[in-house]
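As structure tokens, the structure follows; a few thoughts come after it.
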Amino acid sequence: MRRSVPLFFLLSLLTSAICAQVADPVVMKVGENEIRKSEFEYFYRKNYTEEPDQKNDLETYADLYLNFKLKVQAAIDDGIELKESFINEYKEYRDMQAEEYLCDSAFLEETARQTFRMSAEEVGPDGIVEAYILSIQIAEPTQRAFDAAVQRIDSIYGLLREGADFRELAAKHSDDGAARSGGYIGWTSRGQLPEQLADAAFTIKDGEISTPLRYENYFVIIKVVGHQDFGHYEDHRNSIYEWMKNQPAIIKDAKLSQARKMSEKYGWNLSPEEALLREDSLLETLIPEFGNISREYHDGLLMFEISSREVWEKAGEDSLGLLEFFRKNRKKYSFDEPRYKGMLIFAKDSDVLSRAEDAVRDLPYNEWEDVLAAFNDEGPQIRVMKGPFEKGHSRYSDKEIFGIGSYDPLETWPYIGAVGHMIRMPEEPSDLGGQIVNDYQDYLEQQWLKRLKKKYKTKVDKKVLKTVTLGD
């Protein structure tokens, strides 16, 4: 039988939505997409910084957020939101974040406190001890085996009393699994140890060792490092919560408990399992905080995908466009001081250095690397440091090119020479390294934004914008 949704529930949602829109006005529009004050305020507060060199005024941030939303809208219209790769990545993140909001926090808190009470009862009033253990096994039920074990444990006990390292002896001689960790058994409660061993561990003082104890077919020596009360709930709360995250049964019960509460609140005539599914599907609406978190990742992922294609990848792949941008803006990149366009060659001997310098002297600069690399085809003969170089770049370039400072020759590459020429302005994009690529990316982004602003009608309601605050 198909279960229908009660009319009063639909009306209540509609009424709530209308009231929410009145209380949460539109602060800006991108095309047909309305961005409400609560969304903008959330991101403004989150990204606000008190750094003195940062612009934090509302209008500046509004411009940045509008540009961000333009890119997001472009990604949506381009179909990125419908791609399987995007859907899977977003859903994985969204569902992971939803776990916290789908769980009944009161249920988890009570479960954590109950876990603490049970653990405290198990530990008892004696608390816990941090201990090491060394065990010698009585190999056979014979007097000879017994005497051999006594001799071994007494010998070890004597060494310990003389100051020998317990961990080293346990690792070398102990006949139990703790030998792998130097006998360390960690923090232990009385109930986790056999009664006879527990009596010893909780009697001796910190830093002391027990006399050899007989337990079943072993002789045992215990060293206690420290005693500690089990503590208060607050001391263990974080670790208990971390443990609960990995307990599927507890998480499931916490979700069902929350679903029952939501059913009661909204009048859902559903089973807890059905209510949980509905709550999950409506979570962004029911809990605005989660809606903002979910939207942040959703929009950020879209912006990253479309920006990679329109700006970042293009800047790295469009060599002709980069060259054209460089030619139009070359005057902006004049150097304060001349730079040396070339390479430093480090060689094993003077003959190799001379041949390497001669090999590239009359060749175009873009062919030098391949030619010099061939010198190492039959083993390392040279190393190359590529410029352009300016004063202060390295002690080697300072001395060989600019004639300042000094350096101690490298033992492996004692001969150093420079090939190239001085330039006062960059001759090609590569002379500027990453700077020109970053600038070209900025240029591409600005051109892209201009196209988007022509494509999508935008509007900022300055009256609503002025009501945005940073909160308390």
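Laboratory data are not the source of any read-out in this text; all were calculated from the coordinates shown. Computed from a predicted structure; not experimentally measured. A quick note on method: Cβ atoms are made from the backbone with ideal geometry, for glycine too, and the neighbour counts reach across all protein chains shown.
With a cut-off of 8 Å between alpha carbons and a minimum separation of six or more residues, what is the relative contact order of region 125-228 in percent?
On the way: 187 pairs, mean separation 44.2, N = 104.
Taking the mean separation of contacting Cα pairs over the length of region 125-228, I get 42 percent.
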Answer label for Cα extents along the principal axes in Å (calculated), chosen among (i) 115, 59, 42; (ii) 95, 89, 46; (iii) 94, 53, 42 = (ii)
Environment charge of residue 398, counting only residues whose C-beta is closer than 12 Å and scoring Lys/Arg +1, Asp/Glu -1 | +1
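Restrict the search to region 395-455; then list the trypsin sites (Lys or Arg not before Pro) that DSSP places in a loop and that have at most 15 other Cβ atoms within 10 Å of their Cβ.
Numbers: sites: 395, 399, 424, 450, 451, 453, 454, 455; in loops: 424.
Qualifying residues, ordered by number: 424.
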Cα-derived Rg over Rh, computed across region 151-195 with Rh taken as Kirkwood radius | 1.02
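Need one word for region 125-228: rounded, prolate or oblate. Basis is the Cα gyration tensor (sqrt eigenvalues a ≥ b ≥ c); a/c below 1.5 gives rounded, then a/b vs b/c decides. Numbers along the way, then the final one.
Values: a/c = 1.88, a/b = 1.48, b/c = 1.28.
The shape class here is prolate.
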If you take the beta carbon distance between residue 407 and residue 241 as r and set R0 to 56 Å, what does 1/(1 + (r/R0)^6) give as a FRET efficiency, to the nearest 0.05?
-> 0.45
Contour minus Cα-Cα distance for residue 423 and residue 195 (0.36 nm per residue) | 73.6 nm
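About its Cα centre, how strong a charge dipole does region 54-133 have in debye, to the nearest 20, once Lys and Arg get +1 and Asp and Glu get -1 at the Cβ? Intermediate values should be presented prior to the final figure.
Details: 8 positive and 19 negative charges, 57 e Å.
Dipole size: approximately 280 debye.
Sum -39500 (n - 2.57) across every DSSP H segment of at least 4 residues in the chain, then divide by the residue count to get the 222 nm mean residue ellipticity, nearest 500.
Numbers: 20 runs with 251 residues, N = 472.
Mean residue ellipticity at 222 nm (helix-derived): -16500 deg cm²/dmol.
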Per-residue HN-Hα couplings for region 266-271 [Karplus 6.51, -1.76, 1.60; θ = phi - 60°; Hz; x = Gly/Pro] | 9, x, 7, 8, 9, 6
Using θ = phi - 60° and the Karplus form 6.51 cos²θ - 1.76 cosθ + 1.60, what ³J(HN,Hα) does each residue of region 465-471 get, whole Hz, x for Gly and Pro?
-> 4, 5, 8, 6, 10, 8, x
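In percent, what relative contact order does the chain have, based on Cα pairs under 8 Å that are 6 or more apart in sequence? Write down the numbers at each step before the final one.
Working: 554 pairs, mean separation 92.3, N = 472.
So the answer I get is 20 percent.
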Along each principal axis, Cα extent of region 80-143, largest first, Å | 80, 33, 20
For every other residue with a beta carbon closer than 14 angstrom to the beta carbon of residue 215, add +1 if it is Lys or Arg and -1 if Asp or Glu, then tell me the sum.
-> -4
Relative to the compact globular guide of 2.2 N^0.38 Å, what is the alpha carbon radius of gyration of region 346-424, as a ratio?
-> 1.10
